[in-house]
1. Of all residues in the range 35-48, count the ones that are open to solvent by 50 Å² or more (accessible area, probe 1.4 Å) and among the small types (G, A, S).
2. List pairs: first in the range 73-89 and hydrophobic (A, V, I, L, M, F, W, C), second part of a helix (DSSP H, G or I) and modelled with pLDDT of 70 or more, Cβ under 7 Å, 6+ apart or cross-chain?
3. Looking at the range 57-95, which of the residues that are open to solvent by less than 70 Å² (accessible area, probe 1.4 Å) and in a loop (DSSP other than H, G, I, E, B) is nearest to T28 (Cα to Cα)?
4. Which one is least open to solvent (accessible area, probe 1.4 Å), of the residues in the range 1-34 that are modelled with pLDDT of 85 or more and part of a helix (DSSP H, G or I)?
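The values are calculated or read from the model by the stated rules, or taken from the named source; none is laboratory data. Because the structure is a prediction, the values reported are computed rather than measured. In this analysis, Cβ positions are derived from the backbone assuming ideal geometry, glycine residues included, and neighbour counts consider all displayed protein chains. What goes into the accessible areas is simple: the full protein's heavy atoms, side chains included, and nothing from ligands, DNA or RNA. Shrake-Rupley method; radii C 1.70, N 1.55, O 1.52, S 1.80 Å.
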Amino acid sequence: MMTLDPTTFGPGDEAANRIAYACLPPPTTRWVVRRKAEVVAAVRSGVVSLDDVCRRYSLTRDEFEAWASCIDRHGVDSLRTTRLQYYRRRAARLAAGKR
């Protein structure tokens, strides 16, 4: 997979838009951790807009923000669906003052 330096192109550059879409994972129904992290990184770096990502992948803003929030709080591994219960329980324990 090719990578893109967002500083190479100016805003609104059509070539940059084509390259940016080429760097994104293909639209899929199976979201793995790596793909979610790539999409979040692309939006955060300014390679592609949140609106474009939501349209391309049929995501809601809330779903994208949940991914970004998980990365911020617990790191990329928190995007694993099998880890959701662990992080929810941990947050509940911390909110209750328990460790």
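1. Number of matching residues: 3.
2. V76/V33; V76/A37; L79/V33; L79/K36; L79/A37; L79/W67; L79/C70; L79/I71
3. L59
4. Of everything passing the filter in the range 1-34, V33 is least open to solvent (accessible area, probe 1.4 Å).
Each row is one residue, and each column tells you yes or no for (1) over 19 Å from C23 (Cα atoms); (2) at pLDDT below 85; (3) more than 11 Å from the chain's Cα centre (by Cα).
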residue	(1), (2), (3)
L50	no, no, no
C54	no, no, no
T60	yes, no, yes
R73	yes, no, yes
L79	yes, no, no
T82	yes, yes, yes
A92	yes, yes, yes
A95	yes, yes, yes
R99	yes, yes, yes
